[in-house]
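**Q** Pasting a structure here, questions to come.
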Ligand code: 3PG
C-alpha cells in the first residue's frame with residue numbers, strides 16, 4: 001500500500017499510546033466497529049513493538065503503523081514487528097542517511113518551510129505537519145499551499161474535534177492525525193464504547209477524493 005492510499009483510509013488517523021498488551025484487542029475492535037481501519041501506535045511505551053506485532057497478526061483488516069520513530073533502529077524494529085507504515089516527528093541525520101533501508105511508506109514530520117523543501121527534494125510528497133496547532137495551525141498550512149503545491153500533509157498535534165473539519169477542508173490536507181479518537185485516558189479507563197463512538201463520528205467526516 002502506497003502512502004497516498006494509507007492516508008486515504010480515514011479522515012483521522014488515531015495516534016495511540018498503549019501501555020498494556022491487553023488494550024490491543026478491545027481498542028482494535030472498537031476502531032474497526034466504528035469504521036476506522038488504520039492505527040498509529042507510538043513507540044512511547046515498553047510494549048509498543050509487542051502491541052504492533054499483536055495488532056498486525058490478529059487484525060489483518062487494520063493497517064497498523066508505528067509513530068514516534070526517532071532512529072533507523074526504531075523504524076526497522078517497527079517494520080520487523082509488522083508496521084505497514086512509519087511516522088516520525090521530524091528527521092535527523094540517522095534517518096536521512098538510511099531512507100533506503102526503510103521498506104514501508106514513511107511519513108516524516110516537520111513544521112519548517114526549509115525542511116519541507118528539503119524533503120520535497122528527496123522525493124517526499126506526503127508529510128506530517130507537527131506539532132500542528134502550536135506551529136502556526138491552519139493559517140500556516142494555508143500559506144504553504146501556493147508555495148509548495150506538490151506537498152500534501154497529515155497535520156498532527158493538538159487537533160481536537162472542534163476544528164477537525166476545518167483542517168480537513170484545506171486543499172493540502174489529506175487527513176489529520178491525533179489522539180482525539182483514543183486519548184490515553186479513555187484507553188486506560190477502558191472506555192471502548194466511547195472510542196467506538198468517536199471512531200464512528202470520524203468515519204462520517206468527509207473523506208478526501
Ligand atoms: C503524535 O504523537 O503525533 C502526537 O502526540 C499526537 O498529538 P495529540 O495527542 O495532540 O493529538
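The numbers here are math on the coordinates, done by the rules we state, and not lab data. Please read these numbers as outputs of a predicted model, since none were measured by experiment. Cβ coordinates were reconstructed from backbone atoms using ideal geometry, including for glycine residues, and neighbour counts include every protein chain displayed.
**Q** Tell me whether the range 169-186 contains one or more residues that are in a helix (DSSP H, G or I) and more than 21 Å from residue 89 (Cα to Cα).
**A** Among the residues of the range 169-186, at least one is in a helix (DSSP H, G or I) and more than 21 Å from residue 89 (Cα to Cα), which makes the answer yes.
**Q** Further, regarding this structure: Within the range 46-61, can one find any residue that is crowded, with 21+ Cβ neighbours inside 10 Å and part of a loop (DSSP other than H, G, I, E, B)?
**A** No - not one qualifying residue is present in the range 46-61.
**Q** Let me ask something else. For the range 7-15, check the following and say yes or no: at least one residue is over 19 Å from residue 72 (Cα atoms) and part of a helix (DSSP H, G or I).
**A** yes
**Q** Moving on. Looking at the range 176-194 only, could you name the residues that are in contact (Cβ under 8 Å) with a residue 40 or more places away in the chain and more than 13 Å from the ligand (Cβ to nearest atom)?
**A** Answer for the range 176-194, where residues must be in contact (Cβ under 8 Å) with a residue 40 or more places away in the chain and more than 13 Å from the ligand (Cβ to nearest atom): 188, 190, 192, 193.
**Q** Take the residues in the range 72-104 that are assigned to a loop (DSSP other than H, G, I, E, B) and within 16 Å of the ligand (Cβ to nearest atom); name whichever of them is nearest to residue 130 (Cα to Cα).
**A** Among residues in the range 72-104 that are assigned to a loop (DSSP other than H, G, I, E, B) and within 16 Å of the ligand (Cβ to nearest atom), the one nearest to residue 130 (Cα to Cα) is 89.
**Q** Please enumerate the residues belonging to the range 106-115 that are outside any helix (DSSP H, G or I) and more than 17 Å from residue 43 (Cα to Cα).
**A** If the condition is that a residue be outside any helix (DSSP H, G or I) and more than 17 Å from residue 43 (Cα to Cα), then 110, 111, 112 are the ones that fit.
**Q** Considering only residues of the range 162-172 that are surrounded by 14 or more Cβ atoms within 10 Å (Cβ to Cβ) and over 21 Å from residue 119 (Cβ atoms), which is farthest from the ligand (Cβ to nearest atom)?
**A** Out of the qualifying residues, it is 168.
**Q** Could you please find all residues in the range 116-132 being more than 16 Å from the ligand (Cβ to nearest atom) and assigned to a loop (DSSP other than H, G, I, E, B)?
**A** 122, 123, 124, 125 - these are the residues of the range 116-132 that are more than 16 Å from the ligand (Cβ to nearest atom) and assigned to a loop (DSSP other than H, G, I, E, B).
**Q** Would you confirm whether any residue within the range 133-154 is assigned to a loop (DSSP other than H, G, I, E, B), within 16 Å of the ligand (Cβ to nearest atom) and surrounded by 20 or more Cβ atoms within 10 Å (Cβ to Cβ)?
**A** No, the conditions are met nowhere in the range 133-154.
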